[in-house]
Amino acid sequence: MAVMNRWLSKLLVGAVLGSSAGAALLASHAGELKPLRVCLVSGSLEYESDASLAKLQSYLEKHYQVQCTRAFIKNESDLPGLENLEHCDVMLLFTRRLKIGGEQLERVKKYCLAGKPIVGIRTASHAFQNWLELDREVLGGNYKGHYPEGPICKVAIEPAAKDHPILKGFVPFQSVGSLYKNPGLAKDVTILLTGSIPNHIEPIAWTRTYKGGRIFYTSLGHQRDFDEPSFRTMIANALFWTAQRDVALRQP
């Protein structure tokens, strides 16, 4: 309460001094905000998710008011670190067909089914072999495999979504990752991006609300995608958006 009162006092002073001074005070207050707590859940060996998410963590913590914890795969049946879901603001999920069970699977289900913020990357659509319903029920997807590898996937912004906060600063690029098939998405999704190869076009990024919680999913996530500035920016925007927080950059 004391912190809030001090902030309100600053805003009142800023209003008196003028809009520029008020903006400066708001900017200084951003540094006082608690970091966005992100739990990175990794277990997609095919896409070397441990390395990609470690790289993403360094990027996020360097440029944004973000603090990451990890739940990184030990083997397909063991995903230690999931207790971090109890204290995070948003989960970033990037696993593939894991077979965790018992308390570990229950932790994931408890988080997802409670309507909490989720950012899903690529194989999150089939994150757990013994809980494939996650894709359709929570993420709003309908993963049906992927087209053959080889053709470059051209990423495009869905025209109606060009002003979505998640796409702020996003510039379309080309991905070497195979294009995922996702016919018949949930009716309540908002498609942000499409991907195309010769003769095929598919939705590759969308949002929805599940039990009051914001969801973002993208089928992008090939190793090289993490080197694309637009991809990293989109993921950062999505983390803040799903947590219903304004994007907070780290001060130089």
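The values are calculated or read from the model by the stated rules, or taken from the named source; none is laboratory data. Please read all numbers here as calculations on a predicted model, not as lab measurements. We place every Cβ from the backbone using ideal geometry, glycine too, and count neighbours over all the protein chains shown.
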Residue hits (the stretch 55-75; buried (at least 16 other Cβ atoms within 10 Å of the Cβ) and not polar (S, T, N, Q)) are 56, 59, 60, 64, 66, 68, 70, 71, 72, 73
Tabulated pairs, the stretch 71-95, first within 12 Å of residue 44 (Cβ to Cβ), second charged (D, E, K, R) and crowded, with 19+ Cβ neighbours inside 10 Å, C-beta under 7 angstrom, 6+ apart or interchain: 94/122
Matching option when the condition is in contact (Cβ under 8 Å) with a residue 12 or more places away in the chain and more than 20 Å from residue 93 (Cα to Cα), among 143, 180, 147: 147
Go over the candidates 201, 191, 215, 197 one by one and state the one that is of a type in the set (Val, Ile, Thr) and under 26 Å from residue 110 (Cα atoms). 215
So, residue 144, is that one at pLDDT 95 or above, surrounded by fewer than 17 Cβ atoms within 10 Å (Cβ to Cβ), assigned to a strand (DSSP E or B) and not small (Gly, Ala, Ser) or not? no
Scan the stretch 89-98 and tell me whether some residue there is surrounded by fewer than 21 Cβ atoms within 10 Å (Cβ to Cβ) and either out of contact with any helix residue (DSSP H, G or I) (no Cβ under 6 Å at 6 or more places or on another chain) or assigned to a strand (DSSP E or B) (or both). yes
Quick one: in the stretch 147-171, of everything that is hydrophobic (A, V, I, L, M, F, W, C) and part of a loop (DSSP other than H, G, I, E, B), which residue is surrounded by the fewest Cβ atoms within 10 Å (Cβ to Cβ)? 171
Among (1) of a type in the set (A, V, I, L, M, F, W, C); (2) surrounded by fewer than 23 Cβ atoms within 10 Å (Cβ to Cβ); (3) within 16 Å of residue 122 (Cα to Cα) - the single one residue 239 does not satisfy: (2)
